[in-house]
Amino acid sequence: MAKANKNTILIRVIIAIILAVIIGYYSQGISIGGLQLASLYEMLGQLFLNALTMIVIPLVASSLIAGIGSLTLDGSFGRLGVKTFFYYIVTILVAVLIGVGLVSLISFDQFKPVLDKMSEMPTNIQLPSSGYDLLKQILFKIFPSNIFLAASQGNMLGIILFSVLFGLGLSKVSGPSQGTLLKFWQGFFAVMMSVTHIIMKFLPFGVFFLVARTVASGGFASFSSVGFFLLIVLLGLALFLFVALPIMLYMRGASPLKYFRAVSPALVTAFSTSSSAATLPITMECVERNAGVSNRICSFVVPLGTSVNMTGSALYECVAVLFIAAMLGIDLTIMQQAMVVVLSLLTAMGMAGIPSASLISLIIILNTLGLPAESIALIVPVERILDMFRTVVNVASEAGCAVMVARWEGENVLPR
Ligand code: ASP
C-alpha cells in the first residue's frame with residue numbers, strides 16, 4: 001500500500017472514531033420509527049465484522065499452506081518455529097511482569113470492596129472443571145476429529161494444525177503436482193489478500209458503527225467504581241505498547257516508528273472490533289504489504305499469534321486477579337502470585353481472539369487459586385472498554401513478533 005494511501009486510511013478511521021463518539025453519545029436512548037439507533041449501529045457494525053470473519057478461515061488456511069509448503073522445501077520450518085515461540089513467550093512474559101510490577105508498586109487496599117456488584121456476574125459461562133479438563137479441551141481443539149466442523153466452529157488452532165500438516169504433506173509430494181498445488185494455494189492466498197484489501201476500504205464505516213454502538217448503548221458509562229483498576233490496566237498496556245515493544249523492536253534493528261506506521265490500520269481495527277481473530281486479515285495485510293515481511297513468515301507467525309500470543313490479555317488477567325484478591329481482602333503469597341503469572345501466561349496462550357475471551361480465562365485462574373469466580377463481577381463494568389485496549393496490544397504484539405522474527409531470519413524489514 002502506498003504511504004499516502006496508508007495515511008489517508010488512518011486519518012479517515014480517526015475521524016470515524018471521533019464522529020462515532022459524538023454521534024453515539026447523542027444517540028443514546030433515541031429511536032427512529034421504533035428502531036433504537038444503538039441497535040441499528042450494532043447491525044451495521046456486525047455486517048463489517050461478518051465480512052472480516054468470513055475470510056479468516058480461507059485466508060489463514062491458504063496462507064499457511066502456501067507458506068509452509070515453500071518453507072519446508074528449503075528446510076527452514078523448524079528454525080522458524082523455535083524463533084516464533086521464543087518471541088511469543090518473551091512478549092507475554094514481559095507483559096505479565098509489567099502487570100505484576102505495577103500492582104506491587106501501587107496498593108489496591110485503600111479501594112474498598114464493592115461486593116454487592118457480585119450479582120452482576122454473568123451466569124451462562126461453560127467452564128472446564130479442572131486443570132486436566134482445560135488441557136484436554138485445548139488438545140482436542142488442536143487435534144479436531146473433523147476439519148470441516150472445526151472450520152465451521154471457527155476453531156483456529158485446529159485449522160492451523162491441519163494447514164501446517166497439509167503444507168508439510170505438500171512438500172513431500174513428488175512430481176509436477178507439487179508445483180501445481182503450491183501455485184494453486186499461492187494464487188488462492190493472493191486472492192484472499194485482494195479481498196481483504198476491498199474490505200479495508202470499508203474500514204472507516206465499520207469502525208464508525210462499532211464504536212457508535214458501544215457509546216450509544218452506554219458501554220463507556222459505568223466504570224467509575226473500578227476506575228482505578230481501569231487506569232492500572234491501561235497504564236500497563238500503554239507501557240507494553242509504547243515502551244517494551246518498541247525497545248524489543250529496536251533491539252532487533254527495526255524502527256518502532258515505521259512499525260507503528262505500518263500496523264496502525266490493524267490497531268484501530270482491533271480497537272473497534274475487540275477481536276484479534278476478526279482483525280487478522282487486516283493484520284496480515286499490514287505486516288505483509290506495509291511492513292514488507294515475507295509471506296512465509298507472516299503466514300506462520302501472525303495467524304498462530306492470534307491464538308497463542310495474547311499479550312494484552314495476559315497482562316489484563318494478571319492485574320485483574322491481583323485486583324480481585326485485594327478487593328476481597330485476600331493476601332496472596334509469593335507462590336500464589338507466581339502461580340498467577342504462570343496461569344495468565346498459559347491461559348493467554350490458549351485463548352480465542354474473540355471479544356471477552358479473557359473473562360473465561362479469568363474464571364479458570366480464580367477457580368484454580370480457590371478464589372470465588374463470582375468476583376469477576378467486580379470488574380465487569382470496565383470489561384468492554386478494556387477489551388478494546390487489550391485487543392490492540394494483542395494485535396500489536398502478533399505483528400511485532402512477525403517483524404522481529406523476520407529480522408532474525410535476515411529480512412531487512414523496517415530498518416531503523
Ligand atoms: N478480545 C481479545 C482478543 O480478541 C481477547 C480477550 O482478551 O478477551 O484479542
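The values are calculated or read from the model by the stated rules, or taken from the named source; none is laboratory data. Quantities reported herein were computed from a predicted structural model and do not represent experimental measurements. No Cβ is skipped: glycine too gets one built from the backbone with ideal geometry, and neighbour counts run over all protein chains shown.
Taking the conditions exactly as written (crowded, with 19+ Cβ neighbours inside 10 Å and modelled with pLDDT of 85 or more), does MET248 satisfy them or not? Before the answer, list the steps.
Details: crowded, with 19+ Cβ neighbours inside 10 Å: yes; modelled with pLDDT of 85 or more: yes.
Answer is yes for this residue.
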Tell me which of these ALA291 doesn't satisfy, since it passes every other one: (1) surrounded by fewer than 24 Cβ atoms within 10 Å (Cβ to Cβ); (2) within 16 Å of the ligand (Cβ to nearest atom); (3) of a type in the set (A, V, I, L, M, F, W, C).
-> (2)
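Scan the stretch 15-33 residue by residue and report those that are over 22 Å from VAL268 (Cβ atoms) and either touching a Phe, Trp or Tyr at 6+ places or on another chain (Cβ under 9 Å) or not small (Gly, Ala, Ser) (or both). Explain how you work it out, then say what you get.
Initial filter on the stretch 15-33 (over 22 Å from VAL268 (Cβ atoms)): 26, 28-33.
Matches in the stretch 15-33: TYR26, GLN28, ILE30, ILE32.
Report, by residue number, each residue of the stretch 366-379 that is more than 13 Å from the ligand (Cβ to nearest atom) and either closer than 24 Å to SER397 by Cβ or part of a loop (DSSP other than H, G, I, E, B) (or both).
As a first pass, look at the stretch 366-379 and keep what is more than 13 Å from the ligand (Cβ to nearest atom): 366-375, 377-378.
Once the filter is applied, which keeps residues that are more than 13 Å from the ligand (Cβ to nearest atom) and either closer than 24 Å to SER397 by Cβ or part of a loop (DSSP other than H, G, I, E, B) (or both), the stretch 366-379 yields GLY370, LEU371, PRO372.
Here is a yes/no grid of residues against (1) under 30 Å from LEU44 (Cβ atoms); (2) without any contact (Cβ under 8 Å) to a residue 40 or more places away in the chain; (3) over 20 Å from the mean Cα position of the chain (by Cα):
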{"residue": "LEU161", "(1), (2), (3)": "no, yes, no"}
{"residue": "GLY167", "(1), (2), (3)": "no, no, yes"}
{"residue": "LEU170", "(1), (2), (3)": "no, no, yes"}
{"residue": "LEU181", "(1), (2), (3)": "no, no, yes"}
{"residue": "PHE184", "(1), (2), (3)": "no, yes, yes"}
{"residue": "ALA190", "(1), (2), (3)": "yes, yes, yes"}
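Would you call THR196 within 16 Å of the ligand (Cβ to nearest atom), surrounded by 18 or more Cβ atoms within 10 Å (Cβ to Cβ) and either modelled with pLDDT of 90 or more or hydroxyl-bearing (Ser, Thr, Tyr) (or both)? Give the derivation first.
Details: within 16 Å of the ligand (Cβ to nearest atom): no; surrounded by 18 or more Cβ atoms within 10 Å (Cβ to Cβ): yes; either modelled with pLDDT of 90 or more or hydroxyl-bearing (Ser, Thr, Tyr) (or both): yes.
No.
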Matching residues in the stretch 337-364 - criterion: being assigned to a helix (DSSP H, G or I), within 10 Å of the ligand (Cβ to nearest atom), free of Cβ contacts under 8 Å to residues at least 60 places away in the same chain and not polar (S, T, N, Q) | ALA357, LEU362
Give the residues of the stretch 272-304 that are assigned to a helix (DSSP H, G or I) and over 20 Å from SER70 (Cα atoms), sorted by residue number.
-> SER272, THR273, SER276, ALA277, ALA278, THR279, LEU280, PRO281, ILE282, THR283, CYS286, ASN290
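Which residue is modelled with the lowest pLDDT, if the candidates are limited to the stretch 174-193 and must be touching a Gly at 6+ places or on another chain (Cβ under 9 Å) and more than 13 Å from PRO58 (Cβ to Cβ)?
Pass one, the stretch 174-193, residues touching a Gly at 6+ places or on another chain (Cβ under 9 Å): 178, 181-182, 185-186, 189.
Pick out the ones that are also more than 13 Å from PRO58 (Cβ to Cβ) and you get 178, 181-182, 186.
Numbers: GLN178: 83, LEU181: 90, LEU182: 87, GLN186: 87.
Here the answer is GLN178.
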Has the stretch 380-389 got at least one residue that is more than 20 Å from the chain's Cα centre (by Cα) and either surrounded by 19 or more Cβ atoms within 10 Å (Cβ to Cβ) or within 13 Å of the ligand (Cβ to nearest atom) (or both)?
-> yes
Flag for PHE323 being more than 16 Å from the ligand (Cβ to nearest atom), farther than 21 Å from ARG416 by Cβ, of a type in the set (Phe, Trp, Tyr) and touching a residue at least 60 places away in the same chain (Cβ under 8 Å) | no
Can you tell me which of LEU139, LEU168 is aliphatic (A, V, I, L, M) and out of contact with any helix residue (DSSP H, G or I) (no Cβ under 9 Å at 6 or more places or on another chain)?
-> LEU139
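Only one of these is buried (at least 22 other Cβ atoms within 10 Å of the Cβ) and either away from the ligand (no atom under 16 Å from the Cβ) or touching a residue at least 60 places away in the same chain (Cβ under 8 Å) (or both): GLY329, GLY400. Name it. Spell out the reasoning first.
Values: GLY329 fails: buried (at least 22 other Cβ atoms within 10 Å of the Cβ).
From the options GLY329, GLY400, the qualifying one is GLY400.
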